[in-house]
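The values are calculated or read from the model by the stated rules, or taken from the named source; none is laboratory data. Being a predicted model, the structure only gives us computed values, none of them experimental. Because the Cβ atoms are built from the backbone with ideal geometry, glycine has one as well, and the counts that use them run over all protein chains shown.
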Amino acid sequence: MTVTIDSKKENPSVETVLSIRDLSVALPKGADRALAVENVSYDVNRGEIMCVVGESGSGKSMAANTVMGLLPKGVRPVQGEVNFLGQDVITLTEKQHRALRGLKIGMIFQEPMTALNPLMRVGAQIAEVFEAHGQLTPKQRQERALELLIEVGIPQPEKAISAYPFELSGGQRQRVMIAMALALEPVLLIADEPTTALDVTTQAQILELIRDLKRRRGMAVMFITHDFGVVAEIANRVCVMRHGKIVEIGEAKEVLENPQNAYTKALIAAIPSNAVPPHRETSQVAPLLEIKQLNKVFRSRGGWFKPAREVRALDDISLTLARGETMGIVGESGSGKSTLGRCVVRLEHPDSGELLLDGVNLSQLKGDALRRERHRVQMIFQDPYASLNPRTRVGMAIAQGPMANGTPKDVALKQAGELLDLVGLGASAVERFPHEFSGGQRQRIGIARALALNPELIVADEAVSALDVSIQAQVLELLEELKQRLSLSLLFITHDLRVAAQICDRIVVMQHGRIVEQGSAEQIFLQPKEAYTQSLLDAIPGRQAPVAATA
Amino acid sequence: MSFFARFAQNRGALIGLIILLLIIVMAILAPLLFPESPWRMVQRPFLPPLSQDGYLLGTDTMGRNVAAGLMHGAWVSLLIGLVSTSVALLIGVPLGAIAGYYGGLIDDVLMRFTEFFQTIPNFALAIVLVAIMQPSITSIVLAIALVSWPPVARLVRAEFMSLRHREYVEAARLVGQTNSTIILRQILPNTLSPIIVLASLMVATAILLESALSFLGLGDPNVMSWGYMIGAARTVIRQAWWLSFFPGVAILLTVLALNLVGEGLDDALNPKLSRER
């Protein structure tokens, strides 16, 4: 592998803003490894986007946190230097660091929901950045805040400046975060997974904005992500990290088209393929699930001076799902796709309409009658950390379902062991607690729990979106295999069209609680009829860019 | 690893348990070491500690033996603290759990009921209750329990409200578990930590509340308690410091021990902590 660390030698006109040399950062004793990052060296140049890619636990954010002086307690650099504009930042005191943050280095975080103060108006929060560094008069600060909001492309900036964060959407909040990061015209912008929490279309807009700002201001950008699709969209250079070490570094185009390292190849191959989903035979058997004109409206109680608010989460939804079929429900947040899934498993009570499962209407059942039918439809949840009771042993968590339906405890526990075997964890997992497992393993436990009741239909709500790409691929594979073996039907809810393309026979696209389009996966990808579907497809990161090794 | 081994890993908890056991032993041994009633006047009043053989901790305003009072009082104070806390938990936990889990109208009704108790000042209500029921150990325990359950209900309700929408609770609903199973098996175990901490503090408050009642003459006239001793010594605190000092230290140690034990229990019950250590 030819590692070109020093791009200066090749191109003398490039100005290096940040140069990291042989950096090692130690983790506190008792962590799963001694060094968070080991002998890491790379440069970030002016006018260039450097993407640091890796899965969770790869140490990709550590170098950025070292630069910002934001390392968690007990974690400290032990070797190497971090040179920012000719100054070694490791040796700086907290006070010197604070002067650097915001002024010379701006940072954007992953969660736009929590990164803003909920009780402060947007304009005041941006003005606070100037205040912290003692710049400008209060009046000038407000003016600058407005200019910045215009620059980051917020709709109606005059209104947005006096809005509270909760009045803005996720994408708009991320724009505010970017405005704050840019306020003092930093030389370096560090973006730590800035689009991970956003919808595809919003993600595409934010990526466009960052690219545009880089060009206009000539900033250096350090972009941390786990998604090779995003890398393909935005990166000039890429640095792939694994277990705290750099496995590959180079020009984005080279790495993507011609990866040298086996791990990079595997990561790129694990991106849900951009290729069109293969043609699948849709079986023409009697439908298992028929949804007829399902409606659900969420109402917020109004006050004396405030009218009640209504959100039509499901607006006249009708669809059918055949036995053994996988149907993808795709849409952005707020499209009602999760509400649909929750209505099908009856965690929500639909207002009207029918939910026919094999001819039995589930939509209006209540109390014990509902409880007796519950075993027929099961769900795999999104968050592998929240979906298992931290105080219940794994075997028990799985056995609880059959036990609630009358199976004796010892039989249920034995079945739990077999199920854990089936999902590839081994029967010995029965005795352990959830926190002893990784995210991917927990998701397997969740799948085993859903299978324990021999359901006819499984609803998977964003079941893989919290997982790393390589783990995602494994879990999808497992689902596909189980589906074949147990002839299950699957309702697969996702915001990620790439994932849907991998596993779904048919796809339903939802927006604002309505079905926009439905058809076979092939049809949706090749001949989308609706403009909205087309815009979703266009927003998939890395779709136009050349990505190798996906075949 | 056995439950006790996990508990013993927390050194503070072990110390707390030892202190608590010592206090219990003290209470049991009291009738053997001091067979006479602690109310009997045995020496001249205001005898300082260590000034005379047989009166290690001195005598009080009426010439009663402080050491005897301390040991006999241990029993009553512990009893009042533990029993009234248990009763308060028995009222507060189910009410809070039901209100928090079901929400809606049930929640409204139960919480208005709780607020009805909360709006009356604790101590005033306790005085009234004891006065109506005649001062006795039972009436004091009951009165203390009745004034101290609302915070428990509020705490448990808040915990239930935040936990009932967790995905694992929804998963339990989906597999067809009944509401009572979900409340007892899924949610309640996860609310234990704050309940244990609150309960150990409530024992302390109960002991203090009893002392305040005794001070007003509403204590059980037949039994000696630490609270009564402190109450009686308040007026002479500058002349005879030992009268309030020793029972005060006893209360402090008991409360500290209970807190340490509570923390140890919490750690031992938490699967995550017990395996990491």
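Considering the range B:214-229, the residues that are in contact with a Gly (Cβ under 6 Å, 6 or more places away or on another chain) and closer than 18 Å to B:Thr254 by Cβ include one that is surrounded by the most Cβ atoms within 10 Å (Cβ to Cβ), namely B:Trp226.
Those helices (runs of 4 or more DSSP H) of the range A:54-163 in which at least 2 residues are aliphatic (A, V, I, L, M) and touching a helix residue (DSSP H, G or I) at 6+ places or on another chain (Cβ under 6 Å), considering only elements entirely within it, cover A:122-132, A:138-151. Within 11 Å of another protein chain (Cβ to nearest Cβ) and small (Gly, Ala, Ser): does that describe A:Ala429? The answer is no for A:Ala429. If the condition is being touching a strand residue (DSSP E or B) at 6+ places or on another chain (Cβ under 6 Å) and more than 11 Å from chain B (Cβ to nearest Cβ), then the range A:345-354 contributes A:Pro350, A:Asp351, A:Ser352, A:Gly353, A:Glu354.
In the range B:74-97 there is no residue that is part of a loop (DSSP other than H, G, I, E, B) and either of a type outside the set (Lys, Arg) or surrounded by 18 or more Cβ atoms within 10 Å (Cβ to Cβ) (or both).
Residues in the range A:164-179 that are farther than 14 Å from A:Thr114 by Cβ and in a helix (DSSP H, G or I): A:Glu167, A:Gly171, A:Gln172, A:Arg175, A:Ile178, A:Ala179.
What about A:Gly328, is it in contact with a helix residue (DSSP H, G or I) (Cβ under 7 Å, 6 or more places away or on another chain) and either in a helix (DSSP H, G or I) or over 30 Å from A:Ser520 (Cβ atoms) (or both)? No. Quick check, is A:Arg449 more than 14 Å from chain B (Cβ to nearest Cβ), closer than 20 Å to A:Asn389 by Cα and part of a helix (DSSP H, G or I)? When the stated conditions are applied, A:Arg449 does not pass them.
Cβ-Cβ distances below 9 Å connect the following pairs, each with a first residue in the range A:356-367 that is within 17 Å of A:Gln293 (Cβ to Cβ), a second residue that is of a type in the set (Gly, Ala, Ser) and buried (at least 17 other Cβ atoms within 10 Å of the Cβ), and a separation of six or more residues or different chains: A:Leu356/A:Ser363; A:Ser363/A:Gly353. Checking each residue in the range A:501-535 for being assigned to a helix (DSSP H, G or I), buried (at least 19 other Cβ atoms within 10 Å of the Cβ) and not aromatic (Phe, Trp, Tyr) picks out A:Ala501, A:Gln502, A:Ile503, A:Ala521, A:Ile524, A:Thr533. In the range A:381-409, of all residues being assigned to a loop (DSSP other than H, G, I, E, B) and more than 22 Å from B:Leu163 (Cα to Cα), the one that is farthest from the other protein chains (Cβ to nearest Cβ) corresponds to A:Pro408. Can you tell me which residue within the range A:480-500, out of those that are over 20 Å from the mean Cα position of the chain (by Cα) and part of a helix (DSSP H, G or I), is surrounded by the most Cβ atoms within 10 Å (Cβ to Cβ)? Looking at residues that are over 20 Å from the mean Cα position of the chain (by Cα) and part of a helix (DSSP H, G or I), I get A:Leu482. Within the range A:269-293, the set of residues being modelled with pLDDT of 80 or more and either among the acidic types (Asp, Glu) or closer than 18 Å to A:Lys60 by Cα (or both) comprises A:Glu290 only. The single condition among (1) within 14 Å of chain A (Cβ to nearest Cβ); (2) at pLDDT 90 or above that B:Val156 does not meet is (1). Inside the range A:363-380, residues that are aliphatic (A, V, I, L, M), facing chain B (nearest Cβ under 10 Å) and either surrounded by 19 or more Cβ atoms within 10 Å (Cβ to Cβ) or not in a helix (DSSP H, G or I) (or both) make up a count of 3.
Take the residues in the range A:381-400 that are of a type outside the set (A, V, I, L, M, F, W, C), in contact with a Ser or Thr (Cβ under 9 Å, 6 or more places away or on another chain) and surrounded by 24 or more Cβ atoms within 10 Å (Cβ to Cβ), then tell me which one is modelled with the lowest pLDDT. So the residue we want is A:Pro384. Which residues, taken from the range A:381-396, are touching a Gly at 6+ places or on another chain (Cβ under 9 Å) and within 21 Å of B:Ser193 (Cα to Cα)? A:Tyr385, A:Ser387, A:Leu388 - these are the residues of the range A:381-396 that are touching a Gly at 6+ places or on another chain (Cβ under 9 Å) and within 21 Å of B:Ser193 (Cα to Cα). Cβ-Cβ distances below 6 Å connect the following pairs, each with a first residue in the range A:207-220 that is surrounded by fewer than 15 Cβ atoms within 10 Å (Cβ to Cβ), a second residue that is outside any helix (DSSP H, G or I) and among the small types (Gly, Ala, Ser), and a separation of six or more residues or different chains: A:Gly218/A:Gly47.
Does B:Leu17 satisfy the condition of being within 30 Å of B:Pro189 (Cβ to Cβ) and either among the basic types (Lys, Arg) or in contact with a Gly (Cβ under 8 Å, 6 or more places away or on another chain) (or both)? When the stated conditions are applied, B:Leu17 passes them.
Screening A:Ala386, A:Ala429, A:Ala399 for residues that are more than 20 Å from A:Val459 (Cα to Cα) and not hydroxyl-bearing (Ser, Thr, Tyr) leaves exactly one candidate, A:Ala429. Looking at this structure, is B:Ile183 crowded, with 18+ Cβ neighbours inside 10 Å, within 14 Å of chain A (Cβ to nearest Cβ), in contact (Cβ under 8 Å) with a residue 12 or more places away in the chain and not basic (Lys, Arg)? Against the criterion (crowded, with 18+ Cβ neighbours inside 10 Å, within 14 Å of chain A (Cβ to nearest Cβ), in contact (Cβ under 8 Å) with a residue 12 or more places away in the chain and not basic (Lys, Arg)), B:Ile183 qualifies. Scanning the range B:115-132 for residues that are under 17 Å from B:Asp220 (Cα atoms) and crowded, with 16+ Cβ neighbours inside 10 Å yields B:Ala126, B:Ile127, B:Leu129, B:Val130. If I filter the range B:21-43 for residues that are outside any helix (DSSP H, G or I) and more than 19 Å from B:Met224 (Cα to Cα), do I get at least one hit? The answer is no, given that none of the residues of the range B:21-43 is outside any helix (DSSP H, G or I) and more than 19 Å from B:Met224 (Cα to Cα). When A:Phe228, A:Phe166 are checked against the criterion of being under 24 Å from A:Glu332 (Cα atoms), crowded, with 18+ Cβ neighbours inside 10 Å and of a type in the set (Phe, Trp, Tyr), a single residue qualifies: A:Phe228. The helices (runs of 4 or more DSSP H) found entirely in the range B:166-277 that carry 2 or more residues being of a type in the set (A, V, I, L, M) are B:167-174, B:192-215, B:226-233, B:241-269. Of the residues making up the range B:121-158, those that are touching a residue at least 12 places away in the same chain (Cβ under 8 Å) and of a type in the set (Val, Ile, Thr) are B:Ile127, B:Val130, B:Ile137, B:Ile140, B:Val141, B:Ile144, B:Val147, B:Val152, B:Val156.
Taken over the range A:463-479, the residue count meeting the criterion of being out of contact with any strand residue (DSSP E or B) (no Cβ under 6 Å at 6 or more places or on another chain) and within 12 Å of chain B (Cβ to nearest Cβ) is 1. Taken together, B:Asn270, B:Asn222 contain a single residue that is within 14 Å of another protein chain (Cβ to nearest Cβ) and of a type outside the set (A, V, I, L, M, F, W, C), which is B:Asn270. Against the numbered list (1) within 14 Å of another protein chain (Cβ to nearest Cβ); (2) closer than 18 Å to B:Met133 by Cβ; (3) among the β-branched types (Val, Ile, Thr), B:Thr191 comes up short only at (2).
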